[in-house]
Amino acid sequence: MEGGTEAVVSAQVVLPTFILEKRSLLEMYADFLAHPDLLLAVAAGATPQDRVIGFVEYYLTAFHEGRKGTLAKKPYNPIIGETFHCSWEVPKDRVRPKRTAVPAASGHEHPMADDPSKNYKMRFVAEQVSHHPPVSCFYCECKEKRLCVNTHVWTKSKFMGMSVGVSMIGEGVLRLLEHGEDYVFTLPSAYARSILTIPWVELGGKVSITCAKTGYSATVIFHTKPFYGGKVHRVTAEVKHNPTNTIVCKAHGEWNGTLEFTYNNGETKVIDTTMLPVYPKKIRPLEKQGPMESRPSFPLLSQLSGRGRESKGCEAAQHPRLGPFLTQDRSLRLLALPDCFLSPMTPAPRNLWQEVTRCLRLGDIDAATEQKRRLEEKQRTEERKRENLRTPWRPKYFIQEGDGWVYYNPLWKAH
């Protein structure tokens, strides 16, 4: 599914510099798979009702991992043709069907079986397939469980006073080949609030999950904070069997906190998203990557300079002199980022973005801006050449089908 909260605040607009995060949007999409055991468990459900509820449970826990720290972060906008690859190893004994108690584990635990044969392997690839509009695609699969997800999405943003709203246009499909079921899902909008002071992100809007074969559907509502009072990050959900008009599950809580599920048989379950085990991404060695890939590599400037996990006293409100960070039209320059705003927990992409990241590490904002400009200008030059030659861009891994995009060799076609 589509990457982490930051993944949904990347858009083709000039945002305040302290929203910048030193990695690509394509990598952030992989954050949706931080708990692959929950996704794989969907296929283990004994009935269609178990499987749809299992997917809703996974969906509601998929957004929090991309949100690190207290400040909103904006990833690099991917360059057309940019790709990101990774995989996860999931111990088979951790893949449990719906309603089984979630194992109590630290959110920093890295589950891994010593014997590779005792693991399921999930592979992930993302690619930027279009520049106008900015369309990103990603695909993941587990061959052994005969499960895959194909998603395409592009962002449409607008300014709203002190906020930026980003709509996610597109959809994803979870395919359970063992059961012949397709679950079509959409994604919430995101809002970057207080963008000129201390920016923070919330999700908002109604999304849907539907399975035409079984007649089950779910409605998920991400509630934005009221202007006065109220809680932040609230979410509610309802799972329904449409042929009988029966509600089989309800859920409420915070998408980055505790979620409570109530089933139609009276059972309940609580999931604390902060306590779910996080599975690390496995990434190919740098020498085996192509020039258009991005991967975690460099430490952050805040780490190199000896700062701790949180740099108190360095928040945006304490930087009133924004003159050096303004462009001619008085908008904040995207890369003019004081290093104290960089996320101390987030790795930086290499290869494609390595020069931009290197300059940011050194605190050389002008050089970083120039390196970023060169990447963007190269993209524009190549786009003009293709237009003059009337040669459309051909993505490497995805094929356009109607209004959507599909992985070129998906599991459902290979088997």
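The values are calculated or read from the model by the stated rules, or taken from the named source; none is laboratory data. As the structure is a prediction and not an experimental result, all values here were calculated from the model. When we count neighbours, we look across all protein chains shown, and the Cβ atoms used for this are built from the backbone with ideal geometry, even at glycine. What goes into the accessible areas is simple: the full protein's heavy atoms, side chains included, and nothing from ligands, DNA or RNA. Shrake-Rupley method; radii C 1.70, N 1.55, O 1.52, S 1.80 Å.
At a glance:
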item: Label-to-label distance, nm, for residues given as K213 and M275 (7 Å Cα→Cβ offset); result: 3.5
item: Accessible area, probe 1.4 Å, largest first, for residues I399, I209; result: I399, I209
item: Projected label distance in nm at T258 and T47, using a 7 Å step from Cα toward the beta-carbon; result: 2.9
item: Relative packing of peptides 381-389, 136-144 - highest average C-beta neighbours within 10 Å first; result: 136-144, 381-389
item: Accessible surface, 1.4 Å probe, highest first, among residues D31, D182; result: D182, D31
item: Fully extended contour minus Cα-Cα distance, from N245 to E370, at 0.36 nm per residue; result: 39.2 nm
item: Accessible surface of T246 - all protein chains present, 1.4 Å probe, nearest 10 Å²; result: 50
item: Cβ-based net charge around K143, under 15 Å, with every Lys or Arg adding one and every Asp or Glu removing one; result: +3
item: Computed label-point distance, nm, for sites T197 and D93 using a 7 Å Cα→Cβ extension; result: 5.1
item: Pairs from K206/K240; K143/K413; K22/K372; K281/K378; K156/K240; K121/K250 whose Cα-Cα separation, in the structure shown, is over 20 Å; result: K281/K378; K156/K240; K121/K250
item: Theoretical FRET efficiency, 1/(1+(r/R0)^6), r = Cβ-Cβ of T268 and K225, R0 22 Å, to 0.05; result: 0.25
item: Sites K121 and R394, calculated FRET efficiency, Cβ-Cβ separation with R0 30 Å, nearest 0.05; result: 0.55
item: Residue list for the range 178-212, given a label point 7 angstrom along the Cα-to-Cβ vector of K143 and an amide N cut-off under 17 Å; result: 178
